[in-house]
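Right, one structure below, let's go through it.
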Amino acid sequence: MITFTVELPVPESLRELGYTPDEIRREVPVLLVLKRYRQGAISSGKAASVLGLTRREFLDLLAREGVSIYDPSDAELAIELKAAQTGTS
């Protein structure tokens with residue numbers, strides 16, 4: 001995996017919350033990838049790849065973090081509701 005280094009000021013209060021520098025280094029990439037995944041900007045496969053995980057491991061991470069695997073938009077829900085109503089009528 002090719003990496004790059006970013007120097008980032010971090011509030012001292014994070015250490016007061018019990019985070020070590022190693023935890024911050026590990027968690028920040030995960031949080032950024034989860035954000036892009038929630039925004040729908042990347043797929044679960046891409047997210048897993050960026051984090052160096054298998055797709056299954058990423059799906060397990062989503063479950064641990066309480067992130068929904070399926071989060072449809074209002075428009076998608078309306079389409080599904082219409083299809084369900086048509087199918088049961």
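The values are calculated or read from the model by the stated rules, or taken from the named source; none is laboratory data. These numbers were taken from a predicted model, which means no experiment stands behind them. Neighbour counts are summed over all protein chains in view; Cβ atoms, including those assigned to glycine, are modelled from backbone coordinates with ideal geometry. Side chains included, ligands, DNA and RNA excluded: accessible areas come from the protein's heavy atoms. Shrake-Rupley method; radii C 1.70, N 1.55, O 1.52, S 1.80 Å.
Values computed for the structure shown
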read-out	value
Burial ranking of peptide ranges 60-70, 1-11, 46-56 (average Cβ count within 10 Å, highest at the top)	46-56, 60-70, 1-11
With every protein chain in place, the chain: carbon and sulfur % of accessible area (1.4 Å)	57
Option label - Rg/Rh (Cα atoms, Kirkwood Rh) computed here, alternatives (i) 1.04; (ii) 0.99; (iii) 1.15	(iii)
Mean separation of Cα contacts under 8 Å (6+ apart) over length of the chain, as relative contact order %	15
Helix-only CD estimate at 222 nm, as mean residue ellipticity for the chain, using -39500 (n - 2.57) per DSSP H run (n ≥ 4)	-19500 deg cm²/dmol
Helix 74-88 vs. the chain, principal-axis angle (Cα, 0 to 90°, nearest 10)	30
Per residue value of the accessible surface for the chain (all protein chains in place, 1.4 Å probe), Å²	83
